[in-house]
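This report concerns only the one structure given below.
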Amino acid sequence: MKAFKLSIVLLIVIITGSLYFIRVINTTMETMLSKIESLEHAVKTADWQSAETQMNEIQETWGKNEQWMTTLVNHGEIDEIKMRFAKLSQYIRFKEAPLFMAEVTAVKLLIQNIAATEKVNLSNFL
């Protein structure tokens, strides 16, 4: 009976922890998407100084989040986003709006994919 109770408690802890981390990941991805939308607006309006500042902030935020996300999220996706941020930074530096817009769309899809794959739904278990 003790083993059963311990198993139930561990199961509850695991489920609660998982739900908490899913919520944290979703909040983090929503924040990143919001910052990227703002960056995209700066590039659309050719405010390159603001875009460069925002890009630096995004990369800094991603670097901080990357440390804890590697335990929960696929490393390949995290690395892919990091590499694309480096590209975006260079597109901003050289004022390449069309290339930036194409790349930022891909980054947004990658970030949305992280949030989608971490959601609890039946397709994630099959």
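The values are calculated or read from the model by the stated rules, or taken from the named source; none is laboratory data. Here the structure is a predicted model, which means the values were calculated and not measured. FYI the Cβ positions are ideal-geometry reconstructions off the backbone, even for glycines, and counts take in every protein chain you see.
Return yes when A102 is loosely packed, with under 14 Cβ neighbours inside 10 Å, aliphatic (A, V, I, L, M), at pLDDT 95 or above and more than 28 Å from K119 (Cβ to Cβ) and no when it is not. Spelling it out, it is not the case that A102 is loosely packed, with under 14 Cβ neighbours inside 10 Å, aliphatic (A, V, I, L, M), at pLDDT 95 or above and more than 28 Å from K119 (Cβ to Cβ).
The set of residues in region 73-99 that are within 12 Å of the chain's Cα centre (by Cα), surrounded by fewer than 14 Cβ atoms within 10 Å (Cβ to Cβ) and in contact (Cβ under 8 Å) with a residue 12 or more places away in the chain contains only K82.
Of the residues making up region 32-67, those that are more than 25 Å from I22 (Cβ to Cβ) and among the aromatic types (F, W, Y) number 1.
Which is loosely packed, with under 15 Cβ neighbours inside 10 Å, out of contact with any strand residue (DSSP E or B) (no Cβ under 8 Å at 6 or more places or on another chain) and without any contact (Cβ under 8 Å) to a residue 12 or more places away in the chain, of T61, T70? Going through T61, T70 in turn, the sole match is T70.
Do we find a residue being among the basic types (K, R) and exposed (fewer than 10 other Cβ atoms within 10 Å of the Cβ) anywhere in region 34-49? Taking every residue of region 34-49 in turn, none turns out to be among the basic types (K, R) and exposed (fewer than 10 other Cβ atoms within 10 Å of the Cβ).
Can you tell me which residues in region 93-109 are part of a loop (DSSP other than H, G, I, E, B) and farther than 15 Å from S50 by Cβ?
Restricting attention to region 93-109, the residues satisfying the condition of being part of a loop (DSSP other than H, G, I, E, B) are 94-96.
Result: F94, E96.
Regarding L11, is this residue closer than 19 Å to A116 by Cα and not acidic (D, E)? Spelling it out, it is not the case that L11 is closer than 19 Å to A116 by Cα and not acidic (D, E).
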